[in-house]
Amino acid sequence: QPSFAVRIATHSVEEIDGAVFTPFGAFLVECKFQEAKVTIEPIVKLRSQLERRPPGTMGVIFSKSGFTDEAVILLSHLSPCNVLLFSGDDIELMQRRPASMVEALRIKYHTAVMEAKSNAELRRTEEFGGEGI
């Protein structure tokens with residue numbers, strides 16, 4: 001689903017960069033293609049948007065430059081674990097590998113469930129054609 005605005009009456013209340021619907025869940029997408037690493041603020045904003053969605057809706061943030069260490073640490077201590085992080089390396093690997101975005105989401109989701117990690121590196125997963133751990 002491409003970007004869309006959520007409106008209440010005549011007012012736009014939020015802008016969503018996109019949505020992905022998979023057999024294992026729905027994901028709201030936020031894209032940050034900036035030079036600086038993403039801080040915790042866009043993650044908190046996305047989590048707020050998720051609170052207005054049906055239970056089980058997840059969030060995904062794509063960041064060309066990655067995420068600050070503080071953002072990753074703080075996210076790991078927030079509950080529920082409902083935001084997955086894709087860094088520039090993940091994005092580059094997705095472009096070079098035959099696996100789809102849905103497959104990449106499945107791998108990140110699986111890792112979040114099994115290891116409570118929102119920022120698994122695709123290059124470290126054999127499933128995605130990476131080098132393995």
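The values are calculated or read from the model by the stated rules, or taken from the named source; none is laboratory data. Computed from a predicted structure; not experimentally measured. Cβ placement follows ideal geometry from the backbone for every residue including glycine, while neighbour counts extend to all protein chains displayed. Ligands, DNA and RNA are stripped out before the accessible areas are found, and what is left, the full protein with its side chains, is counted by its heavy atoms. Shrake-Rupley method; radii C 1.70, N 1.55, O 1.52, S 1.80 Å.
Points to keep in mind about this one:
- Condition check for Gly66: at pLDDT 90 or above, at positive phi and within 12 Å of the chain's Cα centre (by Cα): yes
- Single condition Arg53 does not satisfy, out of (1) basic (Lys, Arg); (2) more than 19 Å from Ala120 (Cβ to Cβ); (3) in contact with a Gly (Cβ under 8 Å, 6 or more places away or on another chain): (3)
- The stretch 1-29 residues that are of a type in the set (Val, Ile, Thr), paired with ones that are in a loop (DSSP other than H, G, I, E, B) (beta carbon under 7 Å, 6 or more apart): Ile16/Ser3; Val29/Asp17
- Flag if Pro2 is loosely packed, with under 14 Cβ neighbours inside 10 Å, outside any helix (DSSP H, G or I) and at pLDDT 90 or above: no
- Taken over the stretch 38-56, the residue count meeting the criterion of being free of Cβ contacts under 8 Å to residues at least 12 places away in the same chain and among the aliphatic types (A, V, I, L, M) is 1.
- Of the residues screened, Asp17 is not one that is out of contact with any Asp or Glu (no Cβ under 7 Å at 6 or more places or on another chain) and among the acidic types (Asp, Glu).
- Counting only strands (runs of 3 or more DSSP E) that sit completely within the stretch 17-133, zero hold 3 or more residues that are among the charged types (D, E, K, R) and open to solvent by less than 30 Å² (accessible area, probe 1.4 Å).
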